[in-house]
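What follows is one structure encoded as structure tokens, with my remarks underneath.
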Amino acid sequence: MTTTGAGTPQPSAEELRRRAVRQRQARRRTLVAGASSVVVLGALAALVVTSPGWPVVQETFFDWAYGREVLPAVFEGLLLNIRLTIIATVCIAVLGLGLALARTSTAAALAPLRILATVYVDLFRGVPTLLVILLVGFGVPALGLAGVTSSVVVLGTTAVILTYSAYVAEVLRSGILSVHPSQSAAARSLGLTAGQTLRHVVLPQGIRRVVPPLLNDFVSLLKDTGLISVLGVVDAIRAAQIESSRSFNYTPYVVAALLFLVLTIPLTRVTDRFMLRSIARQNAQVGV
Amino acid sequence: MSAAGPAAAGTTGPGTTTPVLAVDDVHKSFGTEQVLRGVSLAVPEHTVTVLIGASGSGKSTLLRCVNLLTRIDDGTIRLDGRDISDPEVDPDEVRRQIGMVFQSFNLFPHLRVLDNITLAPRRVHGVPRDRAEAAGLALLERFGLADKAQQYPDRLSGGQQQRVAIVRSLAVAPRLMLMDEVTSALDPVLVNEVLATVRELKGEGMTMVIATHEMGFASQVADEVCFLESGRILERGEPEQVLHDPHEPATRDFLRRVHEAGRL
Ligand SMILES: Nc1ncnc2c1ncn2[C@@H]1O[C@H](COP(=O)(O)OP(=O)(O)O)[C@@H](O)[C@H]1O
Ligand SMILES: [Mg+2]
């Protein structure tokens, strides 16, 4: 603001005065915002700390010495969450894209596939994830099918993949549909086949537009891998549960929550940045 | 799935003058609205046919039918004598021989200018990347766009974008070029650079069908001007005659309105 390059003209006295005023205003606003934040947060903290139950809560939820003790076990569990998230992401990307392509296809021959994909998406988007996990985790082994795994980790992860593929398929579909038909017309008139048009023109643009919602789903997925703890899989949540039931102290849950936050906060910040950038780009494209 | 290949083109013997494009009694409706009502057209090699007519008269629809982007209801369309309205014909193979440039440019925003141009040569014609890029750069050079090769389309002016779109169509060496109001989305200042590019193509002997409202340009490049009204070619002939001495009252009326809009 204050530096003037070689080519830029010297600001007038009036402009200098305006800048000084703006600077004063900005400083005052920062001060007010900072002060009000401190007051609000301080009041909240005071309310919590002075509440009659606080000493007990502090002991059962925020016992840091105990927290440090259980950290390795909970962290071990979190590693499983991370591993499952990575594996699931790959499977969801493939299945979700397949479903999205099936649903956006227009070829008459693919009508059965289209209907199947629609039914699938309706089904798995409509049932709570936890229920899908319970049904797959306990239902599939009960069928006693030969050659089908009864590993709860595999079954639980499969259930999460099934559910999230439906979500991701819908996000991808909206991205694909948002690409203007004139783009396809241009590609087809160059002689590209329907498949080549999809692969080189429609998908790259469609997917780029839905990166922010996809990142949102990724954060949710990371958290929802914790749901398979209901099957007895020892992930971060289950590990915390085991530790806390041994001691009747809830600090392990707080530890697990903090560990998840360490992973998710950077991800949500990145998502936010992507979203703002994507909106800015879209706005820039409005005027030809 | 059909066995028809490029070899099937040009069924007539050498020495005959088969037009590059022959449209015969083509009909097209959208729902109950008859948009093309028996349009016939013959475009000999190295000639330019210009379509004029009010908005909604069916110019875009006719061009899209020729490019098989829209399916006709009746009639035939022949490219080098081959009936391309036959359902046995592979539309992708036909479109490879026809270039089309749109009013709204339709460059691919996620690809750099050079990649926009090499996409079809590489993916459709299997040209290796280095050769496709060399050819693309040579084309850009020829049209004064070489310095834009590595830019994304949104960094270019409208006129530059449209010229890139023309170069992109040229890169697959089409037999026929279709241009649909290629200057209608441009500032008056930018119109001229695009028209100059089209004139250059005409000079090189490109066979073209051009829909436009630029009457001055039409009279310069057209070998034949067709005036469309409500899906019919109401009047056709040499540009001198149709644009300056039209027989039909409707043509005269249309030209007067265009003139009043300051385009003559
Ligand atoms: N895909 C479509 N669906 C329905 N109507 C259409 C479609 N395309 C064009 N039309 C109609 O066909 C008529 C002719 O349109 P068009 O060929 O674009 O005319 P022009 O290019 O001469 O302005 C218009 O009335 C338009 O509304
Ligand atoms: Mg039009």
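Name the long-range amide H neighbours of B:Leu69: under 5 Å, sequence gap of 5 or more, or other chain; modelled H, no Pro or chain starts.
Long-range HN contacts for B:Leu69: none found.
Rounded if a/c is under 1.5, else prolate if a/b beats b/c, else oblate: with a ≥ b ≥ c from the C-alpha gyration tensor eigenvalues square-rooted, which is chain B?
oblate
Hey, any idea what the orientation-averaged projected area of the convex hull of the stretch A:181-285's Cα atoms comes to, in nm²?
9.5 nm²
Select from A:Asn249, A:Val136, B:Val101 the residue farthest towards the positive end of the dipole of the protein assembly as shown; place +1 on Cβ of Lys and Arg, -1 on Cβ of Asp and Glu, and compute about the Cα centre.
So the residue furthest toward the plus end is A:Asn249.
Only helices at least 15 Å long along their axis, Cα-based, and averaging -1.0 or more on Kyte-Doolittle count here, so list those DSSP H runs from chain B.
Correct list, ordered by number: B:113-123, B:129-142, B:158-170, B:188-203.
Leaving out ligands and nucleic acids, and using a 1.4 Å probe, what accessible area per residue does the protein assembly as shown come to in Å²?
With all protein chains present, the protein assembly as shown gives 52 Å² per residue.
Which trypsin sites (Lys or Arg not before Pro) does the stretch A:132-200 hold that lie in a coil by DSSP with at most 10 other beta carbons within 10 Å?
none
For Cα pairs less than 8 Å apart in space and 6+ apart in sequence, what is the mean separation divided by the residue count of chain A, i.e. the relative contact order in percent?
Reported as a whole number, the value is 27 percent.
Counting only other chains, and only Cβ atoms inside 10 Å, what mean value do you get across the residues of B:97-110?
5
So what is the 222 nm mean residue ellipticity for chain B from helices alone, if each DSSP H run of at least 4 adds -39500 (n - 2.57) and you divide by all residues, rounding to the nearest 500 deg cm²/dmol?
Taken over chain B, the calculation gives -10500 deg cm²/dmol.
Add +1 for every Lys or Arg and -1 for every Asp or Glu among the other residues with Cβ under 15 Å from the Cβ of B:Ser157, and state the total.
Net of charged neighbours comes to -1.
Ignoring solvent entirely, what values of log10 I(q)/I(0) come out of the Debye formula for the protein assembly as shown at 0.08, 0.10, 0.11 Å⁻¹ when each Cα is a single scatterer?
Log10 of I(q)/I(0), two decimals: -0.77, -0.97, -1.06.
Which value, in Å² and to the nearest 10, is the accessible area of A:Val153 when all protein chains are kept and the probe is 1.4 Å?
A:Val153 exposes around 50 Å² with every protein chain in place.
Quick check: Cα centre of the stretch B:246-260 to Cα centre of the stretch A:254-284, how many Å?
The distance from the Cα centre of the stretch B:246-260 to that of the stretch A:254-284 comes to 60 Å.
Using 0.36 nm per residue, how much length does the chain from A:Leu116 to A:Arg22 gain when fully extended, once their Cα-Cα distance is taken away?
Extending this stretch completely gives an extra 27.8 nm.
Rounded to the nearest 0.05, what FRET efficiency do A:Ala194 and B:Asp74 have when you use their Cβ-Cβ distance and R0 = 22 Å?
E between A:Ala194 and B:Asp74, to the nearest 0.05, is 0.30.
Given points 7 Å out from each Cα along the Cα-Cβ axis, report the B:Arg155 to A:Leu143 separation in nanometres with one decimal.
Inter-label distance under the simple model: 5.5 nm.
For B:Arg82, what residues show an amide H to amide H distance below 5 Å, using hydrogens built from the backbone and excluding near sequence neighbours?
For B:Arg82, whose amide H was placed from the backbone, the distant partners under 5 Å are B:Gly10, B:Thr11.
Check which residues have an amide H placed less than 5 Å from B:Ile233's amide H, if you skip close sequence neighbours.
B:Ser40
If you put +1 on each Lys and Arg Cβ and -1 on each Asp and Glu Cβ, how big is the dipole of the protein assembly as shown around its Cα centre, in Debye rounded to 20?
2100 debye
Just the Cα atoms of chain A, one point each, no solvent: what log10 I(q)/I(0) does Debye give at q = 0.10, 0.14 Å⁻¹?
-0.82, -1.11
Quick check: Cα centre of the stretch A:94-146 to Cα centre of the stretch B:126-163, how many Å?
For the stretch A:94-146 versus the stretch B:126-163, the Cα centre distance is 44 Å.
What percent does the relative contact order of the stretch A:136-231 come to when contacts are Cα pairs within less than 8 Å and at least six residues apart?
Relative contact order for the stretch A:136-231 comes out at 37 percent.
State to the nearest 20 debye the size of the charge dipole of chain A about its Cα centre, where the only charges are +1 on K and R beta carbons and -1 on D and E beta carbons.
About 1480 debye.
On the principal axes of its Cα set, how long, how wide and how thick is the stretch A:82-232? Give whole Å, largest value first.
So the three principal-axis extents are 56, 32, 25 Å.
Tabulate in residue order the Karplus-calculated ³J(HN,Hα) for the stretch B:213-220, using 6.51 cos²θ - 1.76 cosθ + 1.60 with θ = phi - 60°, rounded to whole Hz; enter x for Gly and Pro.
10, 7, 5, x, 4, 4, 5, 6
The values are calculated or read from the model by the stated rules, or taken from the named source; none is laboratory data. These numbers come from a predicted model, not from an experiment. Here Cβ is always computed from backbone atoms with ideal geometry, including for glycine, and neighbour counts include all displayed protein chains. Side chains included, ligands, DNA and RNA excluded: accessible areas come from the protein's heavy atoms. Shrake-Rupley method; radii C 1.70, N 1.55, O 1.52, S 1.80 Å.
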